[in-house]
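A short write-up of the structure that comes next.
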Amino acid sequence: MLYERNIMRSDMIRCALCHDAPCSDVCKACDPAALLRSIWFDNEQAAALRFPASDPCIVCGAPCEAACVRSGEVPIRSLLTRLHEEVRPYLDEPMPKDASILETELCGIPLENPFLLSSSVVASTYDMCARAFEAGWAGACFKTICSFDIHEASPRFSAITGDNGSIIGFKNIEQLSDHSVAENMEIFRRLKRNYPTKFILASIMGQNDAEWEELSRLCEENGVDAIELNFSCPNMMDEGLGSDIGQVPELVERFTAAARRGTKLPILAKLTPNEARMSPAAEAAKHGGADGIAAINTIKSIVGVNPHTYVSSPAVRGRSAVGGYSGNAVKPIALRFIAELGQNQNLSGMHVSGMGGIETWRDALEFILLGAGSLQVTTAVMQYGYRIIDDLKSGLAYYLKAKGFANVREAQGLALDSVSSTTDVLERDTVVFPKFHREKCIGCGRCVVSCADGGHQALRLDETRRPVLNGSKCVGCHLCLLVCPNGAISSSRKRIDRREI
């Protein structure tokens, strides 16, 4: 049985997800920090299965809570006990004994799991990639190699944050690798020598046909497994670089063909989301000799205009610029493009490497269900570190086993048939009413406010401050379900014919 969430991030909202967490230092029975991280990353199933069956918290004085950097603000003992009482009883399957269920491939080259670092600062040095490989990442797309000088601005990051300070959307004005081509080639040789089973994807960007060809040739000679063509960086637009290329299918085909002349390795074209449709550029990449598509790169954005200086963020000596937007906020846009690529029969047989807002194993699964064969991550690593791979792998592996899949490839593309590019195909003759769980309701009235001012005035509070539905007015929009702060509203399984209302 697959357990549906009962313990949420909001239950541990003050947890700082510490490095070398003090709570684990003082606990003799388990690793509270790792279990809390699993809850945070939507992986409480794995946490419950790792937690001792005897529930040592029952007789414990909770030194973990006293040692917490926010002592008294994180109910660690209660959370761990809830793993034992509210999660473990619903889990029929043990954790897979190994990670073989996650094994897959990228253009015929084996991957130990689908998770790669994407081309960015998180994969920009030998030491960083080595630490990621040791942590369990299957490989890395190294930060884009180029032959021109890179001088970064400072500061170069900004973000939109949630109530607890965690990043929802992330903006960067970061450019490409600031190592020389020769330095990057030495890094590739060392990585392949010391980590021969890890997948090395070299991201490159040339200024002309000759550079695209030369860079791809050098990467092959120095041991990489495949090459990613960066046609989409929003921060490299001068003289036809970056996303300017990805918006012109003719240039995509031309430079893909140039890179293909330099190598026999698999080639992925990394395409821009700053277009209405990605298929024209993707088809051009295929015509040029690409074996797959990587998508999406970051979205052109402006974030945080200062009300006093009138400069957006990040501000660099009184000026700013349009930059790339990433993080969990862009996932719906990324999934839309992944579905478009997966449904395009002209791209049949091409590998799709998906990215854009992947933070938990459920995020990763959504990309896989829409056709992605491998997954790339940056922003979540920047925020939480390479350690997130533990929950990405264990969460996905448990899901696959519980659902009866033999391997991750069997889940690939299963959601594509459910997606339409237009709402015209949707059934409109029935209504699905909300279902109210009075035992969970706290009587706040948020559902009533939203229904009155953003819906169809179908709710009121009774004398006990519980919502009452007027079925003749309800259209089943489910706004009330979305705004409820306590999860007290769900979707009814019964569909009502509109003619009966």
Of the candidates Ile389, Ile358, the one satisfying the condition of being in contact (Cβ under 8 Å) with a residue 12 or more places away in the chain, in the same structural domain as Lys270 (by TED's automatic domain parsing), surrounded by fewer than 23 Cβ atoms within 10 Å (Cβ to Cβ) and touching a helix residue (DSSP H, G or I) at 6+ places or on another chain (Cβ under 6 Å) is Ile389
Are any residues in region 221-237 out of contact with any Lys or Arg (no Cβ under 7 Å at 6 or more places or on another chain) and in contact (Cβ under 8 Å) with a residue 40 or more places away in the chain, and if so, which ones?
-> Val224, Asp225, Ala226, Ile227, Cys233, Asn235, Met236
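Out of the helices (runs of 4 or more DSSP H) lying entirely within region 35-136, which hold 2 or more residues that are within 27 Å of Ala372 (Cβ to Cβ) and touching a strand residue (DSSP E or B) at 6+ places or on another chain (Cβ under 7 Å)? Break it down stepwise before answering.
Details: elements: 44-50, 63-67, 76-82, 126-135.
Passing ranges, in order: 126-135.
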Which of (1) surrounded by 15 or more Cβ atoms within 10 Å (Cβ to Cβ); (2) at pLDDT 95 or above is the odd one out, the single condition Cys57 does not satisfy?
-> (2)
Could you give me the residue pairs with C-beta distances under 8 Å whose first residue belongs to region 312-339 and is in contact (Cβ under 8 Å) with a residue 40 or more places away in the chain, whose second residue is acidic (Asp, Glu) and assigned to a helix (DSSP H, G or I) wherever it lies, and which are 6+ apart or on separate chains?
-> Asn328/Asp363
For Asp363, which of the numbered conditions (1) in a helix (DSSP H, G or I); (2) in contact with a Gly (Cβ under 7 Å, 6 or more places away or on another chain); (3) more than 26 Å from Ile302 (Cβ to Cβ); (4) free of Cβ contacts under 8 Å to residues at least 60 places away in the same chain fails to hold?
-> (3)
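So in region 440-449, with the set limited to residues that are modelled with pLDDT of 95 or more and assigned to a loop (DSSP other than H, G, I, E, B), which one is surrounded by the fewest Cβ atoms within 10 Å (Cβ to Cβ)?
As a first pass, look at region 440-449 and keep what is modelled with pLDDT of 95 or more: 441-449.
Keeping just the survivors that are assigned to a loop (DSSP other than H, G, I, E, B) gives 441-445.
Numbers: Cys441: 20, Ile442: 12, Gly443: 14, Cys444: 16, Gly445: 16.
Checking each candidate, the answer is Ile442.
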crowded, with 22+ Cβ neighbours inside 10 Å, in contact with a Pro (Cβ under 8 Å, 6 or more places away or on another chain) and assigned to a strand (DSSP E or B) - does that describe any residue in region 321-330?
-> yes
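A quick yes/no check of all residues on (1) among the basic types (Lys, Arg); (2) within 30 Å of Leu400 (Cβ to Cβ); (3) modelled with pLDDT under 95:
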position: Ala415; (1), (2), (3): no, yes, no
position: Pro434; (1), (2), (3): no, no, no
position: Cys451; (1), (2), (3): no, no, no
position: Leu459; (1), (2), (3): no, no, no
position: Val468; (1), (2), (3): no, no, no
position: Ser472; (1), (2), (3): no, no, yes
position: Cys477; (1), (2), (3): no, no, no
position: Lys494; (1), (2), (3): yes, no, yes
Report, ordered by the first and then the second residue, all pairs with beta carbons closer than 6 Å, sequence separation of six or more or different chains, a first member in region 148-159 that is part of a loop (DSSP other than H, G, I, E, B) and crowded, with 16+ Cβ neighbours inside 10 Å, and a second member that is of a type in the set (A, V, I, L, M, F, W, C) and at pLDDT 80 or above.
-> Ala153/Ile173; Ala153/Val316; Arg156/Ile173
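The values are calculated or read from the model by the stated rules, or taken from the named source; none is laboratory data. Just so we're clear, the structure is a prediction, and the values are computed from it rather than from any experiment. Neighbour counts run over all protein chains shown; Cβ positions are idealised from the backbone, glycine included.
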